[in-house]
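Read through the structure below, which is laid out as structure tokens, and then see the notes.
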Amino acid sequence: MKKRRRFVVNGCVQGVGFRPAVFRHAESCAIAGFVSNTPLGVIIEAEGEEEALAEFSQRITGSPPSQAIISSCITEELLATGETGFSIRSSERSGDLLAGMPADIATCSQCMAELFDSSDRRFKYPFLNCTDCGPRFTIIRELPYDRERTSMHSFGMCPACQREYADPRDRRFDAQPNACAVCGPGLTLLNSSGDKIQTDDPVVETKRLLEQGVIVAIKGLGGYHLCCSAHNSSALNTLRQRKNRPHKAFAVMFSSLEQIRDYCRVSSIEEKELVSPARPIVVLALLAFSKLPVLVSPDTHDVGAFLPYTPLHHLLLEKSLPLVMTSCNRSEEPIVATEEALVPFLGTIADYALIHNRPIVRRCDDSVVAYSGEKRVVLRRSRGFVPYPIVLLKEGPPILACGADQKNTFCMTRGDKAYLSQYIGDMVEYTSHLFYGESVNDLMKLLGIDPAIVACDMHPDYHSTRYAHALGKRSVVPVQHHHAHIASCMAENRIQGPVIGIAFDGTGFGTDGSIWGGEFLVVDLKGFRRVGRLKQYPMPGGEEAVMHPVRMALSVLKTEGLEVEKLSGRMSEKEMGLLFSLMEKGINSPLTSSAGRLFDAVSAFLGFCDTASYEGQAAVRLQANARGQTGEPFAYDLYSTGDLLELSLGPAIREIVAGETAASVCAVRFHETMAQAATAMCVQLREQEKIGHVVLSGGVFQNALLLERTISALLAKGFVVYFHSLVSPNDSGIALGQAVVALANSIY
Ligand code: ZN
Ligand code: ZN
Ligand code: FE
């Protein structure tokens, strides 16, 4: 007696080879019927004997393709129709098309085996892929996801590839970027004048050049990398000079997990992240006697390590020493992704370029993840994660959240899903503004929405704020910077509050016109109340102080009534005099409660960083110097001022300035003090507000030591603590917070 059953499967099940997998299960279980992608999810109708149906049902939910995530599978009994054979029906083209758009996926193990199998027809072919792996987000021009709407459109498949593509039993059935050396994209090696270098094997030639110590621009998945040997100090030096990037760490690509272990400590959770299909850069601790030159990451004992994620990377790294792979861009500009944009880099920054003829449709930087113990800290959420949504607590009208101006990403909501964009970056240069505008329009088109509500930062001079207003939408919702930070953490943890939010951050526009960044807020998604803050210090010379931590040291010493002579020799008499008088007269010396600036001041005072070559460098060095040290917290003050509680680290500064403690011990004790002081503030706020849940956010919590100490101090006092694991605590996570605040305030 045959039965017929319908399955409606939802989750991440479209564009990941789910239908062919269902087809294969149906064949092996002798099931008739069909499978189809629809706006409601993947619909399967299956007909067969009860036993076969049970086995089939078990297989579709129990062994889905590696990239599929099943969130629900609803079944319904139907009447048997006597159908024979099983078919894959073409997709229904409506509804939420983005559900069928996966992120880029690292080369799978089966493709890897073919890549290095000399008898395989794709032996050493740098663009092989299958339904389980390959480019997606970066090659799709339009949805629905079909070859003619990708940048593979111009490559007609050869008969062998076409056969695989059309055969539901084949691993490459419906694999849109399917290609081989006969029909697919190919590589070209260019010299510094942009002329083609004649060679049988551009990869082998590139490897030879890299070994000689040159810098090669290499076209990857979401943009170009600048690449050189990680072991060649002189190449590293040249790259640093040419890129005008003296200290900021470079990411390093290793050939294998085993090779990483020769250089770094890898925990099991870090290993999982390294080999995950997203293949992000993972910040790892270097072994004590690291073989890598100091120039790779001069400020820390860590390195951003990642594994090859395309066949081309696998070939480049095969039997090779690790390679530095850093984004090809000028600072504060978006990553280069076209041969046209590469031209100015050739002969100036790159000696050679390894290019290919598969266009990059969407730029997408590498993602960066770090671990603080077991806690996952996303530093940059981009390639491999975008465009997967964050699922919100409730549905609402479509919203565009414009983000902030540093480390920008933006966010769009549809229903109960929030789609964060790829990493856009700092909105300083015109090219970034262009990239931003293009990407906003692109996501609107992919989602098929035109949001009537636009959220943005309160900062009046942000490009993103001006952009929000210029759209001329019905409703523009300005969201305070730190409210958005905390709300973004609440959104990914699916909580509504009220909570105590600790926003330890660089700078953000406050509601009182001062610069905030060390705030204690009572937050629900609709609004917030500021209930505490760090003591304010002037920023002499304004924003410039961000790149001159020694100015913050001067400000803190002066405000605390300590001898500024301790800083003599660290800046000119003239500069010191000028800054002093600015502060005395209150000219161009805005007050800030920023935790980031306080870390800057302490780091500079201890001699770790007078002038920064990148934002946050002083704090990075302070944290690095604390490594391996232990110590008790210094003293601090907690008191009321007006209707706010205020936390002063003045007593700690006095102990540090007294000079009886070694600098590296001061470094760890200062971290400990911040954690204890923040916890003491929360204990008082719990009394006052009757709230025991604490949410941490803000760029300063990228500091793994501070994060770990703060969480354990709060837990010890019985708080329930929430932190990010999906989006970044820095400004690249802020758009999600803006979106949920606007959503909570929308009337619908
Ligand atoms: Zn594959
Ligand atoms: Zn082919
Ligand atoms: Fe911020």
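If you go through segment 291-318 and keep only what is open to solvent by 30 Å² or more (accessible area, probe 1.4 Å) and assigned to a helix (DSSP H, G or I), you end up with V294, L295. For first residues located in segment 703-723 and touching a residue at least 40 places away in the same chain (Cβ under 8 Å) and among the charged types (D, E, K, R), partners that are surrounded by fewer than 16 Cβ atoms within 10 Å (Cβ to Cβ) and outside any strand (DSSP E or B) and lie 6+ apart or on another chain with Cβ distances below 7 Å form the pairs E708/G373. The set of residues from segment 81-130 being at pLDDT below 90, assigned to a loop (DSSP other than H, G, I, E, B) and not acidic (D, E) comprises R89, S90, S91, R93, S94, G95, M101, P102. Residues that are free of Cβ contacts under 8 Å to residues at least 60 places away in the same chain and crowded, with 24+ Cβ neighbours inside 10 Å within segment 514-573 comprise L521, F528, P538, M539, P540, A545, R551, M552, A553, L554, S555, listed in sequence order. For P389, the conditions (1) within 24 Å of N10 (Cα to Cα); (2) open to solvent by less than 10 Å² (accessible area, probe 1.4 Å) all hold with the exception of (2).
Can you tell which of L743, L714 is open to solvent by less than 20 Å² (accessible area, probe 1.4 Å) and either within 16 Å of ligand 1 (Cβ to nearest atom) or farther than 20 Å from A484 by Cβ (or both)? The match here is L714. Right, R530: more than 13 Å from ligand 3 (Cβ to nearest atom), modelled with pLDDT of 95 or more and farther than 28 Å from I587 by Cα or not? Answer is no for this residue. When G561, G569 are checked against the criterion of being of a type outside the set (A, V, I, L, M, F, W, C), under 25 Å from D637 (Cβ atoms) and outside any helix (DSSP H, G or I), G561 stands alone in meeting it. The number of residues in segment 315-347 being more than 23 Å from the chain's Cα centre (by Cα) and closer than 27 Å to F116 by Cβ comes to 7.
Within segment 184-196, the set of residues being within 23 Å of P102 (Cβ to Cβ) and either near ligand 2 (Cβ under 10 Å from one of its atoms) or open to solvent by 30 Å² or more (accessible area, probe 1.4 Å) (or both) comprises just one member, G184.
For first residues located in segment 731-746 and free of Cβ contacts under 8 Å to residues at least 24 places away in the same chain, partners that are surrounded by 24 or more Cβ atoms within 10 Å (Cβ to Cβ) and lie 6+ apart or on another chain with Cβ distances below 8 Å do not occur.
Counting only strands (runs of 3 or more DSSP E) that sit wholly inside segment 170-278, those with at least 2 residues that are under 22 Å from S297 (Cβ atoms) are 216-219, 224-229, 251-253.
The condition of being part of a loop (DSSP other than H, G, I, E, B) and buried (at least 22 other Cβ atoms within 10 Å of the Cβ) does not hold for F155.
One residue is enough: does segment 399-407 have a residue meeting the conditions open to solvent by less than 30 Å² (accessible area, probe 1.4 Å), of a type outside the set (A, V, I, L, M, F, W, C) and closer than 19 Å to V741 by Cβ? Yes, segment 399-407 contains at least one residue that is open to solvent by less than 30 Å² (accessible area, probe 1.4 Å), of a type outside the set (A, V, I, L, M, F, W, C) and closer than 19 Å to V741 by Cβ. Looking at A175, is it within 16 Å of ligand 1 (Cβ to nearest atom), closer than 19 Å to H356 by Cα and either outside the structural domain of S28 (by TED's automatic domain parsing) or over 30 Å from the mean Cα position of the chain (by Cα) (or both)? When the stated conditions are applied, A175 does not pass them.
In this structure, A288 does satisfy being over 27 Å from T138 (Cα atoms), of a type in the set (G, A, S) and open to solvent by 30 Å² or more (accessible area, probe 1.4 Å).
The values are calculated or read from the model by the stated rules, or taken from the named source; none is laboratory data. Given the structure is predicted, the values throughout are model-derived calculations rather than measurements. Positions of Cβ are backbone-derived with ideal geometry, glycine not excepted, and every protein chain shown enters the neighbour counts. Note: areas computed on protein heavy atoms with side chains; ligands, DNA, RNA excluded. Shrake-Rupley method; radii C 1.70, N 1.55, O 1.52, S 1.80 Å.
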